[in-house]
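The values are calculated or read from the model by the stated rules, or taken from the named source; none is laboratory data. Just so you know, these numbers come straight off a predicted model, no measurement behind them. Glycine gets a Cβ as well: all are built from the backbone with ideal geometry, and neighbour counts include every protein chain shown.
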Amino acid sequence: MTILVLPSNRPAARFYRGGRRITDLRGEPPAAEYEPEDWVASVTPVNGEAPTGQTALADGRLLADEIGADPRGWLGPAHTAAFGADPMLLVKLLDAGQRLPVHAHPDGPWAAAHLGASHGKTEAWYILRPGHVHLALARDLGREELAAVVQRQDTATMLGAMHRLEVGPGDVVHVPAGVLHAIGEGILLVELQEPEDLSILVEWEGFAIDGPAKGHLGVGFETALGAVERTARTREDVAALVHRAGTDGPLLPAEAARFFRLERVVVDGSALLDRGFAVVIVLGGELEAVGGHGSASTLLVRGSTAVLPHAEGPVSIRGRGELLVCRPPLPR
């Protein structure tokens, strides 16, 4: 078991355009037009398309199988005592080649009750390239009005009822389950989320997806829209979900800690990453990672993604650069 640099893992033929900004970041040949996501260190399949979406290592083995064979080594004894062999985390690179449709994700209790799923899908975004996002309702929407907007595919009304925010590099946006949102065209971001592929679409017109068939997760829109937050949030409420680059304080609000953790590390010489399972994305520079047991160093350059097993112990990072360290929740 060692620090593993991961190959790209871009599911093909997604329903929105993008991908070029991901391959530019990674220094790889251009992506296909509809490869807008890289699922990093993923044990999660695309909904209904397993094993698509799950990370395959360089020798073809699935990361999910490796973790399942030695969960204590990968995740640590405290994590496995609380969560079993479930890493409790999915990380993505996402390139919005077009504005994404307005959608929301269910929370854990709803997903368990209606889908038999193990998690909901709370998420957070670390912004790499600027743009605008729509986030949360600015006015209340009654259930009948929301259903009518969905049926008519009335995009103007839907977007007009939401907050619109400008976001820039280094901003972090927390998106609780149930909250309607749409990522604007041109944004490149790192996404942390609960490890499920569950989206309730309220918009699909003009996208490469059969919304009437797939937009309700198989339970019908009458039931699915019950998982969507229809109460307005004030501008101050929405501002509290955004940590602006250059400001003090944690990157994520306290409520996010039960879903995932995020740290930005700037290395100028050396840094030490705490022991524990982590997914690393290198934003810039050239770095060497060395595990606590004196294993051979691993080169990490701009665009590299890597997974750090718990068994490696504290990991020393040397060189000059910047990286994101994404971790699962602490055991409760």
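Return yes when S304 is crowded, with 17+ Cβ neighbours inside 10 Å, touching a residue at least 40 places away in the same chain (Cβ under 8 Å) and small (G, A, S) and no when it is not. So S304 passes the test.
Considering only residues in the stretch 119-159 that are under 18 Å from the mean Cα position of the chain (by Cα) and in a loop (DSSP other than H, G, I, E, B), the one that is nearest to D86 (Cα to Cα) turns out to be H119. Scanning the stretch 160-178 for residues that are within 19 Å of P130 (Cβ to Cβ) and either over 25 Å from the mean Cα position of the chain (by Cα) or without any contact (Cβ under 8 Å) to a residue 60 or more places away in the chain (or both) yields a total of 2. For E49, indicate whether it is farther than 23 Å from A257 by Cα and at pLDDT 95 or above. No; evaluated as a whole, the condition is false for this residue. Of all residues in the stretch 196-219, those satisfying the criterion of being surrounded by 17 or more Cβ atoms within 10 Å (Cβ to Cβ) and either among the acidic types (D, E) or over 22 Å from M162 (Cβ atoms) (or both) are E196, D197, E203. When you scan the stretch 157-167, do you find a residue that is of a type in the set (S, T, Y) and in contact with a Pro (Cβ under 9 Å, 6 or more places away or on another chain), even just one? No - not one qualifying residue is present in the stretch 157-167.
Of all residues being at positive phi and within 15 Å of the chain's Cα centre (by Cα) in the stretch 20-65, which is surrounded by the fewest Cβ atoms within 10 Å (Cβ to Cβ)? Just the residue, please. In this case the residue turns out to be G53.
Counting residues in the stretch 260-278 that are among the basic types (K, R) and within 20 Å of the chain's Cα centre (by Cα) gives one or more. For the stretch 222-271, filtering for residues that are touching a residue at least 40 places away in the same chain (Cβ under 8 Å), farther than 27 Å from L198 by Cβ and charged (D, E, K, R) leaves 4.
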